[in-house]
1. Taking R0 as 41 Å, what's the FRET efficiency between W152 and E50 from their Cβ-Cβ distance, rounded to 0.05?
2. Leaving out ligands, DNA and RNA, what percent of the accessible area of region 38-109 is carbon and sulfur, probe 1.4 Å?
3. For L127, L171, write out the residues from largest to smallest accessible area, computed with a 1.4 angstrom probe and no ligands counted.
4. Shape of region 38-130 from its Cα gyration tensor (a ≥ b ≥ c, root eigenvalues): rounded if a/c is under 1.5, otherwise prolate when a/b > b/c, or oblate?
5. How large is the accessible surface of F88 in square angstrom, using a 1.4 angstrom probe and rounding to the nearest 10?
6. Got a sec? What order do S85, S133 fall in by accessible area at 1.4 Å, biggest, i.e. largest, first?
7. Keeping every protein chain present and rolling a 1.4 Å probe, give me the accessible area per residue for region 44-172 in Å².
8. What length, rounded to one decimal in nm, is gained on full extension from C134 through to T109, with 0.36 nm per residue of separation minus their alpha-carbon distance?
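The values are calculated or read from the model by the stated rules, or taken from the named source; none is laboratory data. In this text, all values refer to a predicted model and were calculated from it rather than measured experimentally. Every residue, glycine among them, receives a Cβ derived from its backbone with ideal geometry; neighbour counts consider all protein chains shown. SASA here: full protein model, heavy atoms, side chains in, ligands and nucleic acids out. Shrake-Rupley method; radii C 1.70, N 1.55, O 1.52, S 1.80 Å.
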Amino acid sequence: DSGFLMNEDDQLEAQITMEALSVPRTMVGDTITEQAEEAYVQPFVIDFTEQDYDVLLHIVEAEAGGCDHQGKVLVANVVINRVRSGGFPSTITEVVYQNNQFSPVKSGTLYSVSVSEGTQEAVNAALTGEDYSCGALFFAARARANASNMRWFDTNLRFLFEHGGHEFFTLP
């Protein structure tokens, strides 16, 4: 016996508290348990195959590997926006490999990059709905692009915003 006495109200409050503690729940910032994760699966914003996922990981790493999380998500958003738009091919792989669209494909360096954990997290976030793109369908790094390519962007597209050295555009 601990010598600690509780009145009825204290006992009821202790019982309610113990019951509340036993109810599984998650709050913002909590780590989701494996059981809770299995019970709740975030839907993807587009359908994709394993190959599509691998291509998206590599294009994001190749184009934005040195960028922050938002910069990586933005590059993934552009690819996803194209898949969803109806004006581009209908799969991630077809969008990325469409002729003259992404410099790492054109140069053959797409698979020379090693995908980081941060890129994987950003791609997963984009595929489950994290979107900063304002509908962007194109992006370019003006500092690394040739002048005639940038003239095409400036003449034919509508500028949206700049983030991390990339400028984002959409159709006029």
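1. Details: r = 34 Å, r/R0 = 0.82.
The formula returns an efficiency of 0.75 here.
2. Working: 1720 of 3660 Å².
For region 38-109, the apolar C and S fraction of the accessible surface comes to 47 percent.
3. On the way: L127 0, L171 90 Å².
Of L127, L171, the descending order of accessible area is L171, L127.
4. oblate
5. Rounded to the nearest 10, the figure is 40 Å².
6. Values: S85 55, S133 0 Å².
Ranking S85, S133 by accessible area, largest first, yields S85, S133.
7. Details: 6520 Å² over 129 residues.
With all protein chains present, region 44-172 gives 51 Å² per residue.
8. Numbers: separation 25, 0.36 × 25 = 9.00 nm, distance 2.83 nm.
Contour length minus Cα-Cα distance gives 6.2 nm.
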